[in-house]
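What follows is a single structure, written as structure tokens, with notes after it.
What follows is calculated from the coordinates using simple rules that are stated; it is not laboratory data. Because the structure is predicted, anything quoted here is derived from the model rather than measured. All Cβ positions, even for glycine, are placed from backbone atoms using ideal geometry, and neighbour counts span all protein chains on display.
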Amino acid sequence: MSKILVIEDEAAIRRVLVKILSEENDSYSVEEAEDGLKGIETIKNNDYDLVLCDIKMPKMDGVEVLEAARKIKPEIPFIMISGHGDLDTAVNTMRLGAFDYISKPPDLNRLLTTVRNALDRKVLVVENKNLKKKVSKNYEMIGESGEINTIKDMIEKVAPTDARVLITGSNGTGKELVAHWVHEKSARSSGSFIEVNCAAIPSELIESELFGHVKGAFTSAVKDRAGKFEAANKGTIFLDEIGDMSLSAQAKVLRALQESKISRVGSDKDIKVDVRVIAATNKDLKKEIEEGNFREDLYHRLAVILIQVPSLNDRRDDIPLLIQHFSKKITEEQGMAAKTFSDTAIKLLKAYDWTGNIRELRNVVERLIILGGQDVSEDDVKLFASK
């Protein structure tokens with residue numbers, strides 16, 4: 001159930017808003033506060049999924065409420081309620097972090113659509129925050145080889161900027177990990193990190209996934225839906241396997257990069273977005289350009305900074321550290337006693353041809369931990385890690 005707080009000093013308007021929201025959806029739990037001070041006190045003591053807040057109020061106006069709430073619980077989306085003379089202020093509140101604003105008297109369709117969109121955004125933000133809690137453990141960059149240290153140095157220089165980054169490399173080399181590190185070390189780290197696997201989404205759905213859609217845009221569009229670019233506003237969007245994106249979607253991404261605007265499928269309304277774009281591919285995009293599969297202008301927009309992630313075969317000196325890291329992680333996940341790898345086992349693994357890169361190494365380590373002895377030996381490697 002979604003909890004909504006209405007902060008409005010005019011009792012009649014407050015009652016109308018509560019009535020509309022309560023009757024619209026029985027999954028909405030709507031509470032009210034008669035002024036800004038009461039609203040802030042209520043926010044401190046309760047968890048809300050959305051706040052509707054009037055701008056002109058005694059004791060504490062809506063702008064002050066928004067600024068105070070952003071310090072207490074920054075994840076709560078705010079929809080500002082503006083009178084005719086408050087429109088400029090309402091627009092300015094969006095720069096302070098408000099999701100949107102509605103005018104008095106509230107238009108029913110506009111109100112309900114804005115509320116649904118704000119709640120959808122809240123769900124995405126919460127999911128992303130839960131993901132971010134796992135980032136430090138799941139996306140450690142393990143290795144001390146020259147190749148990995150070069151990438152770490154690049155990330156340190158690039159991350160604090162808003163420069164777009166194109167990450168290239170074979171499958172399983174850790175391109176997603178590099179993208180996470182760029183985001184985590186950037187000024188946008190408190191914002192969303194939204195990942196889109198362009199190869200996993202059917203071409204007819206990719207535009208809706210990226211840019212959202214309006215109700216009725218296509219057969220299954222039963223309600224307005226925000227896209228990934230909106231969800232990543234003030235944060236980072238990671239376009240993985242961008243070489244598999246359709247040309248029509250590429251054109252819209254190019255516009256988003258050029259103008260910082262997107263429009264939902266089925267709508268001609270522009271939506272401003274402030275998003276850092278990181279892309280990754282295992283394809284040779286210059287070859288894809290020659291074959292007419294990828295836009296050259298989009299390539300140049302994306303490839304401001306190029307990071308080439310080396311294959312595991314090109315950084316074999318990191319294999320012992322990776323084995324140690326995966327061994328500890330896997331035994332903890334499986335609830336098993338810690339295991340060690342003999343020097344001869346590690347030497348043999350270093351000599352393997354790792355066509356599947358780090359992903360393949362992790363699978364082999366997991367197999368050896370489950371099937372091998374307490375001290376994983378050279379014989380275990382020959383028996384259970386065969387290619």
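Using only Cα atoms, find the angle between the long axis of helix 36-45 and the longest principal axis of the chain, and express it within 0 to 90 degrees, rounded to the nearest 10. The angle comes out near 30 degrees. The simple Förster model, with R0 at 25 Å and r as the Cβ-Cβ distance, assigns Ile370 and Lys347 a FRET efficiency of 0.70.
Rounded to two decimal places and with Rh computed the Kirkwood way over Cα pairs, what is Rg over Rh for segment 312-384? With Rg and the Kirkwood Rh in hand, the quotient comes to 0.93.
If R0 equals 25 Å, the separation of the Cβ atoms of Ala163 and Asp270 corresponds to a calculated FRET efficiency of about 0.55.
Note on Asn149 and Asp284: the model spin-label points, each 7 Å out from Cα along the C-beta direction, lie 3.1 nm apart.
Modelled label positions at Lys71 and Leu108, each set 7 Å beyond Cα in the direction of Cβ, lie 4.1 nm from each other.
So which GluC sites (Glu not before Pro) in segment 251-303 end up in coil per DSSP with only 15 or fewer other C-beta atoms within 10 Å?
Qualifying residues, ordered by number: Glu291.
Between segment 15-63 and segment 239-284, the C-alpha centres lie 35 angstrom from each other. The length gained on full extension between Arg255 and Lys59, counted as 0.36 nm times the residue separation minus their Cα-Cα distance, comes to 66.1 nm. Where does the chain land at 222 nm, in deg cm²/dmol rounded to the nearest 500, when only DSSP H runs of n ≥ 4 count, each adding -39500 (n - 2.57), divided by all residues? After summing the helix terms and dividing by the residues of the chain, the value is -14000 deg cm²/dmol.
Exposure proxy ranking for Val309, Val123, Val265, Val222, based on other Cβ atoms within 10 angstrom of each Cβ and starting from the fewest, stands as Val222, Val123, Val265, Val309. Computed from Cα atoms, the angle from the helix 62-72 axis to the main principal axis of the chain rounds to 30 degrees.
Our summary of shape: the Cα atoms of segment 139-308 have principal axis extents of 53, 39, 26 Å, ordered from largest down, in whole angstrom.
Please arrange Thr173, Thr168 by how many other C-beta atoms lie within 10 Å of their C-beta, fewest to most.
Going from least to most buried by this count: Thr168, Thr173.
Helix 146-158 axis versus longest C-alpha principal axis of the chain: approximately 20°, rounded to the nearest ten.
Which one is right for this structure if log10 I(q)/I(0) by the Debye sum over Cα atoms at q = 0.08, 0.11, 0.14 Å⁻¹ is calculated from it: [x] -0.38, -0.74, -1.22; [y] -0.68, -0.94, -1.06; [z] -0.54, -0.89, -1.16? Evaluating log10 I(q)/I(0) by the Debye sum over Cα atoms at q = 0.08, 0.11, 0.14 Å⁻¹ on these atoms matches [z].
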